[in-house]
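Visitor: Quick one: this structure, given as structure tokens, is what I'll be asking you about.
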Amino acid sequence: MVATPIGNLQDLTPRAQTILRSVSVIAAEDTRVTGQMLKHFGITTPMISLREHNERAMSEKLVARLAAGETVAQVSDAGTPAISDPGAQLVAAVHAAGFKVVPVPGASALTTALSGAGFMCPHTLFYGFLPPKSRQRQDAIAPLAGLPYATVFYEAPHRILDTLNDLANGFGQDRIALVARELTKTFETLRRAPLGELLAWATADANQQRGEFVIVIDAAPPAEPDEANAHDHVLRPLMAELPLKQAVALAQQITGAPRNALYERALSLKADNQNDEEIDTES
Ligand code: SAM
């Protein structure tokens, strides 16, 4: 599995060049696209086409070639194979047949954009492409907005405005995000701003709607602790074992919170409990 450049040909690693030169065959997504890259490096290894629609059948053929002692490199049009690209079925088939899978790292729009985002959150969710239709896209975005992960999306130029609009509505206009356009290419643009601003900026300038895009959205900020119930985890177990006044006194010692606030909260928890019990008895 050989990563290839996402724009700048100098990003094809020396190791990738050696492998592409030495394997029996290169399984490429579009042989014309990969052919141009190979030509640049003077690599003449034969190619066959492995695309989404023929990946299953082609995987069987390639496993048979491995069984016959040949070596196979798989590449996609750009970046790392099997990342929003064909390759996973082939890799699964090669594992299943007991042959060695060797991932050869290099460029990916995912890691390139993420390294230029500057988000502190240590966790990342790679989403890839959102659905093309707005309704499904909004449904896909809704459960992501509150997650504590920086989230990475791929998008095509003809959908960038619609997608930014849905992202700004779903994640909120103020959520900080990065639009990374044309990474490693001449018109590379990285812009980090609140989603609402990014939408306005891209809408106002047709040039910013051209090319290839990665959008990285910063993680949801940690939820503000709700003042009223911030000490429930202390009050509840104490109230289960002790009279209310004692439970509040102990909760005050443990949390240092004002006694009146704890007392009021304890009363309201007690009332909730009583209501729940009455509902239980009625049903
Ligand atoms: N396997 C590839 C990788 O490792 O990044 C991704 C393939 S996916 C079919 C293509 C998408 O990746 C594009 O629509 C765009 O979202 C993103 N992409 C690829 N090259 C890019 C670039 N130079 N700048 C920004 N985004 C890019």
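The values are calculated or read from the model by the stated rules, or taken from the named source; none is laboratory data. Keep in mind it's a predicted model, so treat the numbers as computed, not measured. Heads up, the Cβs are rebuilt from the backbone with ideal geometry, glycines too, and the neighbour counts pull from every protein chain shown. For accessibility, only protein heavy atoms count, side chains too; no ligands or nucleic acids. Shrake-Rupley method; radii C 1.70, N 1.55, O 1.52, S 1.80 Å.
Visitor: Can you send over the solvent-accessible area of His123, 1.4 Å probe, protein chains only, in Å² to the nearest 10?
Guide: 100 Å²
Visitor: Shifting gears a bit: What number comes out for accessible area per residue over the chain if the probe is 1.4 Å? Units Å², please.
Guide: Details: 15740 Å² over 283 residues.
Per residue, the chain has an accessible area of 56 Å².
Visitor: Provide the solvent-accessible area of Phe187, counting protein heavy atoms only and rolling a 1.4 Å probe, rounded to the nearest 10 Å².
Guide: 140 Å²
Visitor: So, taking all protein chains as they sit and a 1.4 Å probe, how much accessible area belongs to Thr18, in Å² rounded to tens?
Guide: Thr18 exposes around 90 Å² with every protein chain in place.
Visitor: Normalised by the number of residues in the range 137-236, what is the relative contact order in percent for Cα pairs under 8 Å and 6+ residues apart? Could you put the intermediate results ahead of the total?
Guide: Values: 149 pairs, mean separation 36.2, N = 100.
Relative contact order for the range 137-236 comes out at 36 percent.
Visitor: Rg to Rh ratio, the range 42-140, alpha-carbon atoms and Kirkwood radius?
Guide: Answer for the range 42-140: 1.05.
Visitor: Using a 1.4 Å probe on the protein chains only, how many percent of the accessible area of the range 135-272 belongs to carbon and sulfur?
Guide: Accessible surface attributable to carbon and sulfur in the range 135-272 totals 52 percent.
Visitor: Now, a different point. Can you bin every Cα-Cα distance in the range 109-217 into 10 Å intervals starting at zero and give me the percent of pairs per bin, rounded to whole numbers?
Guide: 15, 54, 28, 2
Visitor: Restricting to Cα pairs below 8 Å that are 6+ residues apart, what does the relative contact order work out to for the range 66-213? Please round to a whole percent.
Guide: 18 percent
Visitor: Another one. Given a Förster distance of 35 angstrom, what is the FRET efficiency for Glu70 paired with Gln36, based on the Cβ-Cβ distance and rounded to 0.05?
Guide: Efficiency for this residue pair is about 0.90.
Visitor: Restricting to DSSP loop positions (anything but H, G, I, E, B) with no more than 15 other Cβ atoms inside 10 Å of their own Cβ, which trypsin sites (Lys or Arg not before Pro) remain in the range 94-142? Please report the intermediate quantities before stating the final value.
Guide: Working: sites: Lys100, Lys133, Arg135, Arg137; in loops: Lys100, Lys133.
Within the range 94-142, the qualifying trypsin sites (Lys or Arg not before Pro) (loop, at most 15 other Cβ atoms within 10 Å) are Lys100, Lys133.
Visitor: Here is a further query. Considering amide H positions built from the backbone, and no H for Pro or chain starts, which residues 5 or more places from Gln74, or on another chain, come under 5 Å of its amide H?
Guide: Here Val2, Ala27 satisfy the definition.
Visitor: Then there's this: From Cα pairs below 8 angstrom and at least 6 apart in sequence, can you work out the relative contact order of the chain, rounded to a whole percent? Provide the component values of the computation, followed by the final result.
Guide: Numbers: 433 pairs, mean separation 42.8, N = 283.
Computed value for the chain: 15 percent relative contact order.
Visitor: Could I ask something else about it? Can you check what the net charge comes to around Leu144, using other residues whose Cβ is under 14 Å from the Cβ of Leu144 (Lys, Arg +1; Asp, Glu -1)?
Guide: It works out to a net charge of -1.
Visitor: Once the dipole of the range 9-97 is set up with Lys and Arg at +1 and Asp and Glu at -1 on Cβ about the Cα centre, which of Ser84, Ser49, Ala68 lies farthest towards its positive end?
Guide: Ala68
Visitor: Rank these by accessible area, largest first, 1.4 Å probe: Asp232, Asp174, Asp205.
Guide: Putting Asp232, Asp174, Asp205 in descending order of accessible area: Asp174, Asp205, Asp232.
Visitor: Oh, and also: If DNA, RNA and ligands are ignored and the probe is 1.4 Å, what is the ranking of Thr71, Thr112, Thr34 by accessible area, most exposed first?
Guide: Thr71, Thr112, Thr34
Visitor: Could you order Thr184, Thr163 by accessible surface area, starting with the largest, using a probe radius of 1.4 Å?
Guide: Reading off the accessible areas and sorting them downward yields Thr184, Thr163.
Visitor: Let me ask something else about it. Quote the charge dipole size of the range 101-230 about the Cα centre in Debye, to the nearest 20; the model charges only the Cβ of Lys and Arg (+1) and of Asp and Glu (-1). Present the calculation step by step, with values, prior to reporting the outcome.
Guide: On the way: 10 positive and 14 negative charges, 103 e Å.
It comes to approximately 500 debye.
Visitor: Where Rh is the Kirkwood radius over the Cα pairs of the chain, the temperature 10 °C and the viscosity 1.306 mPa s, what D in µm²/s does Stokes-Einstein return?
Guide: Numbers: Rh = 23.0 Å.
Using the Kirkwood radius from Cα pairs, D works out to 69 µm²/s.
Visitor: Tell me, what % of the accessible area of the range 1-108 is carbon and sulfur with a 1.4 angstrom probe?
Guide: Heavy-atom surface of the range 1-108 belonging to carbon and sulfur, 1.4 Å probe: 55 percent.
Visitor: Specify which residue in the list Leu262, His231, Ala220 is farthest towards the positive end of the charge dipole of the range 181-283, using unit charges on the beta carbon of Lys, Arg (+1) and Asp, Glu (-1), about the Cα centre.
Guide: Ala220
Visitor: Where does the charge balance sit around Ala82 when Lys and Arg score +1, Asp and Glu -1, over other residues with C-beta under 12 Å from its C-beta?
Guide: -4
Visitor: As a test of the formula, what do you get for the chain when each DSSP H run with n ≥ 4 contributes -39,500 (n - 2.57) and the sum is divided by the residue count, at 222 nm and rounded to the nearest 500 deg cm²/dmol? Don't skip to the end; give the middle numbers.
Guide: On the way: 11 runs with 125 residues, N = 283.
Dividing the helical sum by the residues of the chain leaves -13500 deg cm²/dmol.
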